[in-house]
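I have placed the structure first, in the form of structure tokens, so that the comments after it can refer back to it.
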Amino acid sequence: MQPVADYIVVGAGSAGCIIAKRLADTGAAVLLIEAGRRDNTQLVRKPGMIGPLHSVPQLKRTVDWGHYTTPQAGALGRRIPQTHGKVVGGSSSINGMVFVRGNRHNFDDWAAEGNAGWSFTDVLPSFKRFESFEDGESNYRGGSGPIKVTRAKNLTPASQSFLEAFSATAGVKQLDDYNAESQEGVSLFQQSNAAGLRYSTAVGYLDDRGSNLTVLPKTQVVRVVIENGRATGVEVLSRHGREMIRANREVILSAGVFGSPQLLMLSGIGPADHLRGHGLDVLADLPVGENLHDHLFVPMTYAMPTGVHRPNPLYFGNAWVRERFRSGSTWLARSVFEVVAFVRTRQAGEIPDLQLHVLPWSYPAPNQDAPIRHKPDPRRALTVMSTLIYPKSRGTLRLASDDPTAAPLIDPNYLAEQSDVDVLVDGMELIRETMSATAICDGVQCEIAPGPGFPDRAALAREVRNRATTVYHPVGTCRMGVDERAVVDPALMVRGVDGLRVADASIMPSIVGGNTNAASMMIGERCAELITQAP
Ligand SMILES: Cc1cc2nc3c(=O)[nH]c(=O)nc-3n(C[C@H](O)[C@H](O)[C@H](O)COP(=O)(O)OP(=O)(O)OC[C@H]3O[C@@H](n4cnc5c(N)ncnc54)[C@H](O)[C@@H]3O)c2cc1C
């Protein structure tokens, strides 16, 4: 007899953990299937461990799928790492924890395209439901959800002086809360951690769960079983081999921007010619895997003694020992990011099109493409990242083979559009202008990267293609919409198949203006509401 659940949720990531818990709270039997390992380790749960996690390849590969892009023509043919969580909690277990909802207009744009129920007013209750913000409940913020959100604390002097210098140079306000009424300005970063604990969705939603929610780690779903046009279960691969699991009610794919489209295609749902080319039967001819897009940043690093931190094993070991004795007492209790800004460049319309991420650490240069341990400059430093938040370039995700264990072909087509380069260079020039302002320049010893070898706009524009890298925010491969090019409808149902939804970052029609974890969690909450509140 095959194992059975009411709902099968594939992928225990930012969206998947939320959907599974909310459905289980209704009394349903829910099975949450995750390819990666459990998350019960300090590597994942201690916020400051993101430094070692991302810089030591042996650690990273225990929780990362290890994907790379195809060679990117717009980026000098580089193959850029596409780090993606393979662990309970998904990417929310390995991300930078900075907490940004996006601009309210992003959701109004989704609704204006016909996605009823996804305007900012519609999604605000879902954003509020999952968070517990340090200021408590308000019109804009949630005060009692499972994910704790706090502001950066004990700012290093370098970050503080950047905040002040940037406000004056760019002529923008210092904002108390960029996740409230308006985003434009410079602020302390908000983070999804508190008291030295990362608030991944695994921590927030799975640590305290009932017996009707079963989590199956180290189990990879290889296809959705579809019978007579309806999803009736999944086929999985685990150490016991292959087996089928049936779903009485629905299958929900939350396997992320790469995993969900890959699974749809392996199940016969995708571009017909592409599927036939891999010998797969076509059940639904849909543009799965199109519309892939992502945020990019270019880091600029300045030697600044007031940056305080030093990126070396001794400095890290010292904090580790102190943290063991008094949890929450060192920089390891927080994310490395301290300050954020949203501003409008020359290319912007009504809303900011440039984000700056600020961290008081030096950063590997010129890029981190090679799968080796990178050694950043050893000096105390401040890094400011010019970040493109509305890329115009669009790419694809395709199957490399019909073997479910083969990595998909990820081609974001980075920097294909010149305007994407222009925004990044505008940001770099603004950073340089800020770092030479009187409010900060006395504390700046030199520009470490990109450095004096790239003195003007033309040189920066050329070098962007060597240095730009992903912020790890890919979205859009199972686009939500009401048109013929959509993959899921506004109820997140796969068009033309019953009993099958997709709910994760892949459904975003267009990327939000800010880091994508909060919007992915909101999509998880919305999906659960759509299922439980259906007439
Ligand atoms: C390194 C990194 C840093 C980031 N930093 C930030 C940040 O600071 N702030 C922010 O807002 N956003 C950040 N992001 C982005 C954010 O974390 C993601 O947008 C978000 O987590 C996506 O959520 P998701 O539910 O779509 O997918 P995920 O959270 O990635 O979940 C997908 C899950 O599905 C599992 N899965 C995939 N295929 C299968 C299969 N076939 N069978 C079983 N399981 C499967 C995966 O292992 C994974 O656990 C970062 C991302 C990364 C990778």
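Each value in this text was obtained by applying a stated rule to the coordinates, not by laboratory testing. Model, not experiment: these values are computed from the prediction. Methodologically, a virtual Cβ is constructed for each residue, glycine included, from the backbone with ideal geometry; neighbour enumeration extends over all protein chains shown.
Worth a mention:
- Mean separation of Cα contacts under 8 Å, 6 or more apart, over the residue count of the chain: relative contact order %: 23
- Directionally averaged projected area (convex hull, Cα atoms, region 132-187), nm²: 4.3
- Order of Cys441, Cys478 under a 10 Å beta carbon neighbour criterion, fewest first: Cys441, Cys478
- As a proxy for reagent exposure, ranking Thr387, Thr232 by other Cβ atoms within 10 Å from fewest up yields Thr232, Thr387.
- Within straight-line reach of Lys86, meaning a Cα separation under 13 Å, sit the following aspartates and glutamates at least 8 residues removed in sequence or on another chain: Glu34, Asp39, Asp64.
- For the peptides 17-28, 300-311, 484-495, the ranking by mean Cβ contacts within 10 Å, running from highest to lowest, is 17-28, 300-311, 484-495.
- The alpha carbon centroids of region 476-535 and region 185-212 are separated by 22 Å.
- Rg and Dmax over the alpha-carbon atoms of region 1-129 stand at 18.2, 54 Å.
- Antiparallel %, DSSP beta bridges [both residues in the chain], to 5: 70
- Altogether, the Stokes-Einstein calculation at 10 °C and 1.306 mPa s, with the Kirkwood radius of region 65-162 over Cα pairs as Rh, returns a diffusion coefficient of 94 µm²/s.
- Kirkwood-based shape ratio for region 216-370, expressed as Rg/Rh from alpha carbons: 1.13
- Computed packing ranks the peptides 262-270, 396-404 as 262-270, 396-404, most packed first, by mean other Cβ atoms within 10 Å.
- Short-range pairs are left out: with C-alpha atoms under 8 Å and at least six residues apart, the relative contact order of region 384-535 is 17 percent.
- Debye intensity ratio in log₁₀ form over the Cα atoms of the chain, taken at each q of 0.07, 0.09, 0.11 Å⁻¹: -0.36, -0.61, -0.92
- Sites Ser436 and Asn154, calculated FRET efficiency, Cβ-Cβ separation with R0 22 Å, nearest 0.05: 0.25
- Dimensions of region 403-486 from C-alpha coordinates, computed as largest minus smallest value along each principal axis and given longest first, are 55, 32, 24 Å.
- Two-decimal ratio, region 245-323, of alpha-carbon radius of gyration to 2.2 N^0.38 Å: 2.02
- With the gyration tensor restricted to C-alpha atoms of region 448-488, the semi-axes of the equivalent ellipsoid amount to 39, 11, 6 Å, longest first.
- Shape descriptor for region 107-227: Rg over Rh equals 1.08 (Cα atoms; Rh from the Kirkwood inverse mean 1/r).
- The gain in end-to-end length when the Glu529 to Lys392 segment is fully stretched comes to 46.2 nm, 0.36 nm per residue minus the alpha carbon separation.
- Pairwise centroid distance, computed over Cα atoms, of region 302-343 with region 218-284, Å: 43
- Set Lys60/Lys153; Lys148/Lys173; Lys60/Lys218; Lys148/Lys218; Lys21/Lys148 screened for pairs whose C-alpha atoms are more than 19 Å apart: Lys60/Lys153; Lys148/Lys173; Lys148/Lys218
- When each of the peptides 453-461, 426-434 is scored by how many other beta carbons lie within 10 Å of its residues on average, the order from highest to lowest is 426-434, 453-461.
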